[in-house]
Every structure is written in C-alpha cells, then in structure tokens.
Amino acid sequence: MKVLKVQKPGLFTTIQDLGRYGYLRFGVPISGAMDKFSLIAANLLVENDTNDACIETTLTGPELQAWEKTQIAITGGDCSPKINNQSAPMWQTLTVQEGDIVSFGRMESGCRAYISIRGGIDAPLILGSRSTYARGKFGGIGGRQLKTGDLINAFDASSLETVYEMPKETIPQFSSNLRINVLLGPQADMFTEEGVETFLSSQYKVTLEADRMGYRLEGPIIDHKERADTVSDGLLPGAIQVPKNGKPILIMRDAQTTGGYLKIAVASTPDIDALGQAKPNDTIEFSKVTIQEAHGKMREYNELLCALREKLRKTN
Amino acid sequence: MSQRATSSSFSAPGREIGLYAAARYLPLGDCALLIEFGNTINPTANRKVISLDQAIARAGIKGIEETVPTYRSLLVRYDPTKIAYGQLIARVKDLEDTMEKSSPEAIGRVVTIPVVYGGEYGPDLGFVAQCHGLAEEQVVKLHSGQKYRVYMLGFVAGFPYMGEVADEIATPRLETPRVKVPAGSVGIAEKQTGIYSCEAPGGWRIIGRTPLRLFNPHQEPPTLLEPGDIVTFEPISENAFKASIEEQTR
C-alpha cells in the first residue's frame, strides 16, 4: 500500500526500526533508530508494534506527500512539523488526507525526528530488520537514504478510532548540554589516572564529523599510558574509543563491529538514545556509574518503555 | 570446496607470547561482557576464543543474546533484565573451565578461495615482490602455498582477518589508504591477509582478487567464511576469474 511520496528528501532521511540483532559476528552492525525511545513512542501513537519501521530524519526534515488518507505520528527532536503549511503537534496521532503535504521547519531541539505510519513501513526484512545500513548498501529502501520520488509503503491496517497523545511529563527534553552516564572499561586501565580524570571532568563538544556511525568529540586530550591501539576487538554502540590524538570518538548505531582503538568507557544504554539526539556543537559531560547502577537505570528505562502504552492519553 | 578438518594442523609451539595465565572478564558497558585470553594475535588465544564461543552456543544460556569472536577476546552481548551480571560471569567461567579440561580443538571448515593474482586485480603485487627482493611468482607461491586461520570477521560485513603470512611476504599497509578497494580484493597487512567483502576504503596491499562473493545480506548465514575456518588460496587465470563472475551473474 503506497502511503507517502518523498517530495524533498531532507539532509539524511532513512527507514529504521529497532535494529538488526544477531549478526555482529559476521561484521554486520546493529543499526536501527539512533533514538529508540522516540521510535517506540511514534509507533505506539498509531497502535503499531514497537519494532515497526519508521522514517528517521536528520536536522533538515523531508517534505512528504500523502498518497492516500493515513495516520502518522511525529516524535523525537522538536522539528517544527507542518501539515499543508499549518503547524502540527508532535507526540500525538495525526490524520493526513490524500494530497496533504507534511513538511518540517527549524530543528528547535535534538537532531533526529521519527515519523511513524499506521500499519508500519513495508520495507524488505533483511537479516531480520528493515533498518537502512547505508554504508553496507542494504535495508530500508534500496539500502540508501530517501530521495525525491521514493514511494513509501505501509502495511494494511484499519483506520484508528482513537487519537493518542503523549503526556507532557513523559516527553524527553533534548538539551544541547548532555550529561551521560558511563561505565569505565573495558580498557580504562590503559589510560593514565590523569587521563581518566580528564575524561570524567571535562566538557567535550560534538564536532561536524558526526553521523550514524559515530561522533568525533573535541576537548581536553586524554592521555594513554603507552600505546593508543590494541588488537582489534568487538565494538558496540555507546563505546567511547580514544585514538592516539587523545580525542574521544563515540561509537553509534551504524559503526563498524570491531576496532583497534582503546575504549575508555561505554555509555549506559538509556543514555545512548539521548546521544542519538546530539548534534554538532552540543556539549557532553561524562559521569561514572557502577555496573549495578547502570543495570538499575536500564531496568527503570525498560519499565518506562513497557508502561508507555498505558501512559498515552486518549483525546477523543 | 569445504570439508571438515581439525585445526590441529596449526601446532604452534613457542607462540604463547601474549597469552594471559587466566582469562580477563571485563564489562563493555551494561549489556556486554568481554572475555580476553591474551593481548596479541596468536592462534592459541584465538582457539580459546572459538572454543568458548562454541561452548556458549551449545549451552544455550538464557539472557545471552549474541557473541562476537575476535582475535583474542570474545564479546558476549546479554540482556541484564534476563540474567544477572554475577550469574552470567559464573556460567561463562564454568564453561571456560570445562573447555580447558577437555581442551577441544576448534573445528573449522577448509575453504579454498580462487584468486587471480597481479595485474589490475592485484596492483600491489609488484611492490610486495620488490619490497622483499622476490619475483611476483614467488610471492604468489608463498601466499597460496599455506593454510590460514580465519581469526575474525569485522570492520565491514564479511571481511575475514586471516593469518599468518610467511615473513618473506609480510608487508606494512599503504601510507595513504585507497578511497575505494573493489570487493573480492585480497590483501596483506603485516602478517595478516584479508579479503575485502564489499567495496570499501582501505590500506591493505592488494595482491589479487577472488570472484567469490564473501558477503550477501540476502543469505543465511550472510558470509562465506566464519571465524575458525581454514582458508587456502588457489591461483587462477584471468579467464577463469571472468568465467566465474559471469556464471554468478547469470
């Protein structure tokens, strides 16, 4: 079922779901939404499955035309959405009629927005996921970012009777000054004590070299004890590696699966979603947590995600 | 093209440098555990990695989501809401201990990779030969004259890191990496040899190209090779290479 036509693609707009799991051993990254919380919320607002594929926008959003009547929801960073040039609310169910134009204005906060479509986007399942992995040229539509003229299909689903709205207190606030919890290791012992102290007490800035693979950060130099590299080993999103120049690189969803730079720390799972909304010039400060604390935060986050469906307010 | 074989053909006495007396268990964030057996590239550490990987797969532990074997460590991704961290470590340690006692050899398939060496397919073959005072044919003979162990797959999907090439042909990487290396390119970086599974930027010295497809996301599993496999290279002619490519596209 054709639902949306891409009139303008935006800066970097892709199809993403919650990711491709089980293929790291083959060198295939997990990919998936940079901010999973917002993707899940977008899906719930149109009664989709949490893992259904959505559109992920980056800074400059696309312009989309509805091919037929459907329901959508827009979540994530505040992207000033409009329907037929009239400002439209985020974090709630929206009905668009055939021919309606969905467009976006200034990114007021965050970096990425998510557009869910009732029924979920119908893109081929590749290795268990519909997520686009642009570097590997597979997933989503043609393994690439959306371009003008693309038709986005959705699975058939009945029209919703209910309009949902996310309660204000549950909507994440995307600040340009992030505080991120990290678990030190696995190679924190390869840095000097002062190096680790510098990492934990300084402010780092996201540079222009920031995309779905990772962000290069600018800030005080982190000293290694001796070597800056190691025998290549496994990498996961959230890992913070420090190459010879002492400036951290944050690994994100599309990053390579193995690497040889030393990893000083790894961001806690809920905070990786917040990092997915960071944009160039945002600042990041890292706070150390223990593994028990990290697991506690993850449990809370999972509970919040599980309760999200019940928290949605019905407005009609 | 593939047969079962034990990797005991890789006896490597005196290669224990860089092997830890006891494996190190390190957290990689709140969802992964890294088990390190050493700090260098050596077959013994990698055999332990693969043995533990296989033992974990057999044990089917609830809460372990996937594993990533690499040169000298195994990454275990788990769901902390399904298994407690302490319990995870205890279960994996148990497996590691029994694995040590019964010392099973990692068993891999033997896979032969056809390669057209030199010319436009192997632009660095001449450099590698020159570097070591050899004729190009001698480099081909040395590279294709032995078995290699697939230590891991990584950086891009399906790229096998293999070792170790003879000292006579070990060559450092390019100083400036190429922007694009074609899929199928066979390269050398120091004592490692590898195959570009997709077109990618890279700095390995390219000595040839295989017509085989090493990564196909529409297949399960998506890669031709897996860690622990044993690889040999078979020199083929340019005509045989072209015929093989044609056959695949038919």
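Coordinate-derived values only; no laboratory data. Quantities reported herein were computed from a predicted structural model and do not represent experimental measurements. Please note: Cβ atoms are built from the backbone with ideal geometry, for glycine as well, and neighbour counts cover all protein chains shown.
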Review point. Pick from B:Asp53, B:Asp124, B:Asp79: which residue has the top mean-square fluctuation in a GNM of chain B where Cα pairs under 10 Å get a spring?
Key: B:Asp79
Revision key, fill the gap. Candidate cut points under trypsin sites (Lys or Arg not before Pro) in region B:142-213, DSSP loop plus at most 16 other Cβ atoms within 10 Å of their own Cβ, are B:Lys147, B:Arg173, B:Lys191, B:Arg213
Study note, to complete from the structure: Longest principal axis of chain B (C-alpha) makes with the long axis of helix B:238-249 (C-alpha) an angle, in degrees to the nearest 10, of 50
Revision key, fill the gap. The Kirkwood hydrodynamic radius of chain A, taken as the inverse of the mean 1/r over all distinct Cα pairs, in Å, comes to 20.0
Revision key, fill the gap. Karplus-derived 3J(HN,Hα) from phi for region B:164-176 (6.51 cos²θ - 1.76 cosθ + 1.60, θ = phi - 60°), whole Hz, x at Gly and Pro, runs 10, 6, 4, 3, 4, 10, 4, 9, x, 5, 4, 5, 10
Revision key, fill the gap. Quick P(r) readout (region A:2-166; Cα-Cα; 5 Å bins; whole %) gives 2, 10, 20, 25, 23, 13, 6, 2, 1, 0
Practice item. Could you please rank A:Met166, A:Met190, placing first whichever residue has the fewest other Cβ atoms within 10 Å of its Cβ? Key: A:Met190, A:Met166
Point to revise | Computed [θ] at 222 nm, deg cm²/dmol, the protein assembly as shown (DSSP H ≥ 4; -39,500 (n - 2.57); rounded to nearest 500) | key: -6000 deg cm²/dmol
Check your understanding: Once you treat every alpha carbon in region B:108-172 as an equal point and sum by Debye, what is log10 I(q)/I(0) at q = 0.13, 0.20, 0.28 Å⁻¹?
Key -> -0.41, -0.93, -1.30
Check your understanding: Taking chain A as a Gaussian network, Cα atoms linked when under 10 Å apart, which of A:Gly22, A:Gly77, A:Gly195 shows the biggest mean-square fluctuation?
Key -> A:Gly22
Practice item. Using a 10 Å Cβ count of at most 11 others and DSSP loop calls, identify the longest part of chain A lacking such trypsin sites (Lys or Arg not before Pro). Key: A:107-226
Practice item. Please order B:Val68, B:Val179, A:Val206 by the number of other Cβ within 10 Å, starting at the fewest. Key: B:Val179, A:Val206, B:Val68
Review point. Size of the dipole of region A:2-166 about the Cα centre, Lys and Arg at +1 and Asp and Glu at -1 on the beta carbon, nothing else charged, in debye to 20?
Key: 780
Revision key, fill the gap. Once phi for every residue in region A:105-122 is put through the Karplus expression 6.51 cos²θ - 1.76 cosθ + 1.60 (θ = phi - 60°), the whole-Hz ³J(HN,Hα) values, with Gly and Pro written as x, are x, 5, 7, 7, 8, x, 10, 10, 10, 10, 10, 9, 10, 3, x, x, 5, 8
Review point. What order do you get for A:Met298, A:Met107 when you list them from fewest to most C-beta neighbours inside 10 Å?
Key: A:Met298, A:Met107
Practice item. Pop out the ³J(HN,Hα) list for region A:6-14 in order, Karplus 6.51 cos²θ - 1.76 cosθ + 1.60 with θ = phi - 60°, rounded to Hz; leave Gly and Pro as x. Key: 7, 8, 9, x, x, 5, 7, 10, 9
**Study point:** Cut-off of 10 Å, at most 15 other beta carbons, DSSP loop: longest stretch of chain A lacking such GluC sites (Glu not before Pro)
**Key:** A:227-316
Check your understanding: Taking the Cα atoms only, what angle lies between the long axis of helix B:85-102 and the longest principal axis of chain B, rounded to 10 degrees?
Key -> 70
Review point. Using all Cα-Cα distances in the protein assembly as shown, what percent lands in each 10 angstrom bin from 0 up to the longest?
Key: 3, 17, 25, 25, 18, 9, 2, 0, 0
Exercise for review: Choose one answer from B:Gln130, B:Gln192, B:Gln87: the residue with the largest mean-square fluctuation in a GNM of chain B with alpha-carbon springs under 10 Å.
Suggested key: B:Gln87
Review point. Cα convex hull of region B:57-160: mean projected area in nm², to one decimal?
Key: 9.8
Review point. In percent, what relative contact order does chain B have, based on Cα pairs under 8 Å that are 6 or more apart in sequence?
Key: 19
Practice item. Averaging sequence separations of C-alpha pairs under 8 Å and six or more residues apart, then dividing by the length of region A:2-166, give the relative contact order as a whole percent. Key: 31
**Study point:** Distance cut-off 18 Å, percentage of C-alpha pairs in region A:177-304 lying past it
**Key:** 49
Check your understanding: In percent, how large is the relative contact order of chain A, given Cα pairs closer than 8 Å and 6 or more residues apart?
Key -> 20
